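Below: one structure, written as structure tokens.
The values are calculated or read from the model by the stated rules, or taken from the named source; none is laboratory data. Computed from a prediction, not measured in an experiment: that's the story for all the values here. Glycine also receives a Cβ, built like all others from the backbone with ideal geometry; neighbour counts cover every protein chain displayed. For the accessible areas, the whole protein counts, side chains as well, though only heavy atoms, and no ligand, DNA or RNA atoms are used. Shrake-Rupley method; radii C 1.70, N 1.55, O 1.52, S 1.80 Å.
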Amino acid sequence: MELKNDLLLRAIRGEKVERTPVWLMRQAGRILPEYRAVRNSVSGFIELAKTPDLAAEVTIQPVDILGVDAAIIFSDILVVPEAMGLPYEMVEKRGPWFPKTIGSLSDLKQLRVPDPHVELHYVLEAIRVTKKALNGRVPLIGFAGAPWTIFAYMVEGSGSKTFSKARAMLYTQPDFSHKLLDMITSTTIRYLKAQAEAGANLVQIFDSWAGILPPTQYREFSLPYIDKICNAITEVPVTVFAKGAFFAREEMGQLNCDTIGLDWNMGISESRKLIGSGKALQGNLDPAALYGTEKGIMDATQKMMKEFEGAKHVANLGHGVYPDIDPYKVKLFVESVKAYKAD
Ligand code: CP3
């Protein structure tokens, strides 16, 4: 299927684009009342994610309502632990919770490297339904968590400010840690390949908890696994977003991927120098900027766009959009990117 709007893919390849493409991390769900309406028609997040027609519907909502240049499939990074044998629950207002966690070598026997065509069939079906319904309007982004971030949830059992149980494991049981990270990596490679085969036009790896590791630990327990995934995914472009990993930008520049996501702590020109000109950069407006006035949002967007000028760029926020941001303000950000004219 020929894409009618392929700005995102062309920008990543460094081809000439009429304007910078824009989308938002966590654009599906969270902020839109239209999402809440669909969400309230089912028992909860998990049922919604497992119903391909509804997942497709909420995936496309931000394309219709916000005018973004890409859709991201409605799912979660935590479907991977579930497929490996560790189910999760989404507790209203509190977030994910795992009744069972993994804490030792013997626990690994409870886990498997699943076949995504079986255990994650519902995500692949949602991708196929979405692609059909999008009818080439914009590219569809697939995604997975980075092995370290998935490891953190599997060991900790829920979200956490410090993930101290997960971090402790890297010191107390490094062999176990590498074995679990290896299993997650193999699963993720199969899963992302299946997403590409089902129709995802590019994929993003979210290392949401990169920033809680010291650089040496990050180099040992996260980067090599992301590197392995990047080398294995040859079917579609890959974006790596490692939140808080400012200390690893030089190494990220060496990854076999197409785009590096920047959070709002990472200076733009400094990141360009550290990462190099080969890769597209994605980001990186502070999501909290969208709490500002209309003028404030337009000015902040302009300033960001100017700083990225002259190099491959995909406009986005520096992390997911916050749930209580007014959708009108989100749309203003999207429109400000679209209206931006380089000098
Ligand atoms: O980007 C999108 O809009 C597509 C869907 C998407 C979801 N989760 C849906 C979701 C994506 C890309 C994710 C990724 C994800 N999930 C990450 C990485 C990105 C990031 O923000 O750092 C992480 C760390 C998770 C884990 C997770 N899932 C948490 C911590 C929570 C609870 C708090 C929250 O973010 O809402 C979730 C739940 C979740 N994932 C919801 C949605 C729409 C809310 C569930 C609901 O509707 O009740």
Of the residues in region 159-186, those that are of a type outside the set (A, V, I, L, M), within 17 Å of the chain's Cα centre (by Cα) and open to solvent by less than 20 Å² (accessible area, probe 1.4 Å) come to THR185
Take region 12-37 and flag every residue that is crowded, with 20+ Cβ neighbours inside 10 Å, under 21 Å from GLY136 (Cα atoms) and either of a type in the set (Asp, Glu) or within 18 Å of the chain's Cα centre (by Cα) (or both).
-> ILE12, PRO21, VAL22, TRP23, LEU24, MET25, GLN27, ALA28
Single condition LYS161 does not satisfy, out of (1) within 30 Å of ASN5 (Cα to Cα); (2) in a loop (DSSP other than H, G, I, E, B) = (1)
Helices (runs of 4 or more DSSP H) enclosed by region 256-343 - at least 3 residues per element that are more than 21 Å from PRO62 (Cβ to Cβ) and within 23 Å of the chain's Cα centre (by Cα) | 268-275
Given the conditions (1) more than 20 Å from the chain's Cα centre (by Cα); (2) away from the ligand (no atom under 16 Å from the Cβ), and given that PRO87 satisfies all but one, which numbered condition is not satisfied?
-> (2)
Test: residue in region 118-129 that is in a loop (DSSP other than H, G, I, E, B), open to solvent by 50 Å² or more (accessible area, probe 1.4 Å) and modelled with pLDDT of 95 or more | no
Only one of these is acidic (Asp, Glu), away from the ligand (no atom under 16 Å from the Cβ), touching a residue at least 40 places away in the same chain (Cβ under 8 Å) and farther than 30 Å from ALA342 by Cβ: ASP6, ASP107, ASP53. Name it.
-> ASP53
Of LYS131, LYS161, which residue is within 16 Å of the ligand (Cβ to nearest atom) and free of Cβ contacts under 8 Å to residues at least 12 places away in the same chain?
-> LYS161
Tell me which residues, restricted to region 200-223, are more than 28 Å from ALA56 (Cα to Cα), in a loop (DSSP other than H, G, I, E, B) and either of a type outside the set (S, T, N, Q) or within 11 Å of the ligand (Cβ to nearest atom) (or both).
-> LEU213, PRO214
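Go through LYS193, LYS179 for me and flag whichever is in contact with an Asp or Glu (Cβ under 7 Å, 6 or more places away or on another chain) and away from the ligand (no atom under 16 Å from the Cβ). Don't jump to the end; show me each part of the working.
Numbers: LYS179 fails: in contact with an Asp or Glu (Cβ under 7 Å, 6 or more places away or on another chain).
Testing whether each residue is in contact with an Asp or Glu (Cβ under 7 Å, 6 or more places away or on another chain) and away from the ligand (no atom under 16 Å from the Cβ) leaves just LYS193.
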